[in-house]
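Chemist: Handing you a structure now.
The values are calculated or read from the model by the stated rules, or taken from the named source; none is laboratory data. Predicted model only: the values in this text are computed from it and were never measured. Neighbour counts are summed over all protein chains in view; Cβ atoms, including those assigned to glycine, are modelled from backbone coordinates with ideal geometry. Just so you know, the surface numbers come from the protein's heavy atoms only, side chains and all, with ligands and any DNA or RNA stripped out. Shrake-Rupley method; radii C 1.70, N 1.55, O 1.52, S 1.80 Å.
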Amino acid sequence: MDTETADVIGHDVTTITCVCGNTVSQAGLIQANSQGVPVYVGGSTSVPAELAEWPADEDLYTLCPSCGRVYRDSIVEETGTAPVAFRVDVTAGPIAEAIQAHWNLST
């Protein structure tokens, strides 16, 4: 099976263009944990129930909220490539709720 790979400029996760065409400046890309759940970076305030805590080991991923593809940040930063690590369902359940909570905090 061929691995899907997004376009990326240099070794910068903020420049990923998802396989579906989404970018940070379009429908956004969200930092997530190793299960694809968006993480909370709110500092000293408590983590909203829908979001995951920022991983202590800094093992971050980038989630495309449009299609559910997830990219491992360390691979992008080390190799300058952005292979899809796995996919999640962004249309229902805890991932969809976490994405909505993330956007609610961002506005």
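Chemist: Please give the number of the condition Ile16 fails out of (1) over 22 Å from Thr5 (Cβ atoms); (2) under 12 Å from the mean Cα position of the chain (by Cα).
Modeler: Unmet condition: (1).
Chemist: Quick one: which of Gly10, Gly21, Gly28, Gly42 is open to solvent by less than 50 Å² (accessible area, probe 1.4 Å), modelled with pLDDT of 95 or more and part of a loop (DSSP other than H, G, I, E, B)?
Modeler: It is Gly21.
Conditions (1) at negative phi; (2) under 13 Å from the mean Cα position of the chain (by Cα), marked per residue:
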position	(1), (2)
Thr3	yes, no
Gly21	no, no
Val24	yes, yes
Ile30	yes, yes
Thr45	yes, no
Val70	yes, yes
Glu77	yes, no
Gly80	no, no
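Chemist: I'm told Pro48 meets every condition in (1) touching a strand residue (DSSP E or B) at 6+ places or on another chain (Cβ under 9 Å); (2) at pLDDT 95 or above; (3) part of a loop (DSSP other than H, G, I, E, B); (4) surrounded by fewer than 18 Cβ atoms within 10 Å (Cβ to Cβ) except one. Can you identify the failing condition by its number?
Modeler: (2)
Chemist: Would you check which residues across the range 68-83 are part of a loop (DSSP other than H, G, I, E, B) and surrounded by fewer than 18 Cβ atoms within 10 Å (Cβ to Cβ) and list them?
Modeler: Residues satisfying the conditions are Gly80, Thr81.
Chemist: Which ones in the range 84-97 are at pLDDT 95 or above and either of a type in the set (Phe, Trp, Tyr) or open to solvent by less than 40 Å² (accessible area, probe 1.4 Å) (or both)?
Modeler: Within the range 84-97, Val84, Phe86, Val88, Val90, Ile95, Ala96 meet the criteria.
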